[in-house]
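The structure appears below as structure tokens.
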Amino acid sequence: MALDLTKQNFVQETEKGVVLVDFWASWCGPCRMLAPVVEQIAQEHSEWKVCKVNVDEQPELAQQFGVMSIPTVVCLREGKESARSVGLVSKDQLLAKLQLV
């Protein structure tokens, strides 16, 4: 299950290992369509941490990462962005864009 991130827990939860961060909003249709894909990745890949950021509740985090469109999924390695995917894509496309396959 994906972990919800806030500005209070963001650094602690993302500073080590590979972390996928899904920037989303409840009103966003493509975000709702991508959510099961993100959850499936979380279930299938316990070696990665999978997290979600609600951009309406955490606008500072969205701004910090320059998120202009949602859904945006950012891959962090040891706390640094290594890749990102913007928009609705398949699981295979998402993993490829995030350089995880």
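The values are calculated or read from the model by the stated rules, or taken from the named source; none is laboratory data. Since this is a predicted model, take the numbers as computed values, not measurements. Note: ideal-geometry Cβ built from the backbone for every residue, glycine included; neighbour counts use all protein chains shown. To get the accessible areas, we keep the full protein, side chains included, count just its heavy atoms, and leave off ligands, DNA and RNA. Shrake-Rupley method; radii C 1.70, N 1.55, O 1.52, S 1.80 Å.
Give, in whole angstrom and from largest to smallest, the semi-axes √(5λ) of the equivalent ellipsoid of the chain, with λ running over the eigenvalues of the Cα gyration tensor.
Three semi-axes, in Å: 17, 17, 12.
Placing unit charges on C-beta atoms (Lys and Arg positive, Asp and Glu negative, everything else neutral), compute the dipole magnitude of the chain about its Cα centre in debye, rounded to 20.
Approximately 200 debye in magnitude.
Can you list the cysteines of the chain that have no other Cys Cβ under 4.7 Å away?
Cys51, Cys75
Could you order peptides 50-56, 28-34 by the average number of other Cβ atoms within 10 Å of their residues, highest first?
50-56, 28-34
Around Gln43, with a cut-off of 15 angstrom between Cβ atoms, what is the net charge of the other residues, counting Lys and Arg +1 and Asp and Glu -1?
-1
Once you sort the root eigenvalues of the Cα gyration tensor of segment 5-56 as a ≥ b ≥ c, which label holds: rounded (a/c under 1.5), prolate (a/b larger than b/c) or oblate (the other case)?
Since a/c reaches 1.5 but b/c is at least a/b, the shape of segment 5-56 is classed as oblate.
Among Pro71, Leu5, Trp27, which residue has its Cα positioned farthest towards the positive end of the charge dipole of the chain, with +1 placed on the Cβ of Lys and Arg, -1 on the Cβ of Asp and Glu, and the dipole taken about the Cα centre?
My answer, from the dipole projection, is Pro71.
Averaged per residue, what accessible surface does the chain expose to a 1.4 Å probe, in Å²?
55
Keeping the other protein chains in place, figure out the carbon and sulfur percent of the accessible area of the chain, with a 1.4 Å probe.
Here carbon and sulfur together make up 53 percent of the probe-accessible area.
Add +1 for every Lys or Arg and -1 for every Asp or Glu among the other residues with Cβ under 13 Å from the Cβ of Ala2, and state the total.
Every neighbour counted, the sum reads -3.
Can you list the residues of segment 42-73 with backbone N under 17 Å from a point 7 Å past the Cα of Asp4, pointing along Cα to Cβ?
Correct set: 50-62.
Can you give the helix-only mean residue ellipticity at 222 nm for the chain, where every DSSP H stretch with n ≥ 4 adds -39500 (n - 2.57) and the sum goes over all residues, rounded to the nearest 500 deg cm²/dmol?
-9500 deg cm²/dmol
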